[in-house]
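S.K.: Dumping the structure here so I can ask a few things about it.
The values are calculated or read from the model by the stated rules, or taken from the named source; none is laboratory data. The shown structure was predicted, so the numbers you read here are calculated from the model rather than taken from an experiment. As a convention, Cβ positions derive from the backbone with ideal geometry for all residues, glycine included, and neighbour counts pool all protein chains shown. Ligands, DNA and RNA are excluded from the accessible area calculation, which covers all protein heavy atoms including side chains. Shrake-Rupley method; radii C 1.70, N 1.55, O 1.52, S 1.80 Å.
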Amino acid sequence: QVQLVESGGGLVQAGESLRLSCAASGLTSNKYVMGWFRQAPGKEREFVARISYSGIITYYADSVKGRFTISRDNAKNTADLQMISLKPEDTAAYYCNAALDSQKLGVSGYSYWGQGTQVTVSS
């Protein structure tokens, strides 16, 4: 049974930093693309960042480029999202996702989701 568990969310002020972590269990191999998505109240879930299973290839939404960094540790089965210079518009529930290829990342039925962790950035 695959399980993704996010942690590290919280309440911070604008300009501060947070580090989110996603702990994966039950994945049969490390060859999963990992990603982060977020959903703000009243809005659709949106892509934030993804990382290849090797950790070499990363991709970011324009809104977070230069401020967020995704990383992974395959030995620990974790994928982290380092967030700096946070803005109030970054406020959302953040979700970890795992899929066997990037085309399936975030696609329900073809990927795995965590339960989410809340990030709130006050101005």
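S.K.: Rounded to the nearest whole Å², what accessible area per residue is found for the stretch 21-123 with the 1.4 Å probe?
M.R.: That works out to 52 Å² per residue.
S.K.: Probe 1.4 Å, all protein chains in place: accessible area of Lys31 in Å², nearest 10?
M.R.: Ignoring ligands and nucleic acids, Lys31 comes out at about 120 Å².
S.K.: List, in order, the whole-Hz ³J(HN,Hα) value for each residue of the stretch 12-23 obtained from phi through the Karplus relation with A = 6.51, B = -1.76, C = 1.60 and θ = phi - 60°; use x for Gly and Pro.
M.R.: Each residue's phi maps through the Karplus curve to give 9, 8, 4, x, 7, 10, 8, 10, 9, 10, 10, 9 Hz.
S.K.: Sticking with this structure for a sec: Taking springs between alpha-carbon atoms closer than 10 angstrom, which of Ile70, Ile57, Ile84 fluctuates most in the Gaussian network model of the chain?
M.R.: Ile57
S.K.: Report the charge-dipole magnitude of the stretch 7-47 in Debye, nearest 20, computed about the Cα centre from +1 at each Lys and Arg Cβ and -1 at each Asp and Glu Cβ.
M.R.: With Lys and Arg at +1 and Asp and Glu at -1, about 120 debye.
S.K.: A further question on this structure: With θ set to phi - 60° and the Karplus curve 6.51 cos²θ - 1.76 cosθ + 1.60, what are the ³J(HN,Hα) couplings of the stretch 69-83 in order, to the nearest whole Hz, using x for Gly and Pro?
M.R.: 9, 9, 8, 8, 10, 5, 5, 9, 6, 10, 9, 10, 10, 8, 10
S.K.: Below 8 Å, C-alpha to C-alpha, sequence gap of six or more: please give me the relative contact order for the chain in percent.
M.R.: 35
S.K.: Then there is this: Looking only at Gly55, Gly42, Gly106, which one moves most when the chain is put into a Gaussian network model with springs between Cα atoms under 10 Å?
M.R.: Its mean-square fluctuation being the largest, the pick is Gly42.
S.K.: Next question. Cα centroids of the stretch 28-47 and the stretch 1-22: how far apart, whole angstrom?
M.R.: 13
S.K.: Still on this structure: Could you work out what % of the accessible surface of the chain is carbon and sulfur, using a 1.4 angstrom probe and leaving DNA, RNA and ligands out of the count?
M.R.: About 49 percent, which is the carbon plus sulfur part of the accessible surface.
S.K.: For a test of understanding, tell me how many lysine pairs in the chain have Cα atoms under 22 Å apart, given they are 8 or more places apart or on different chains.
M.R.: 7
S.K.: May I ask you to list the GluC sites (Glu not before Pro) in the stretch 1-94 that are in a DSSP loop and have at most 15 other Cβ atoms within 10 Å of their Cβ?
M.R.: Passing sites in the stretch 1-94 are Glu16, Glu44.
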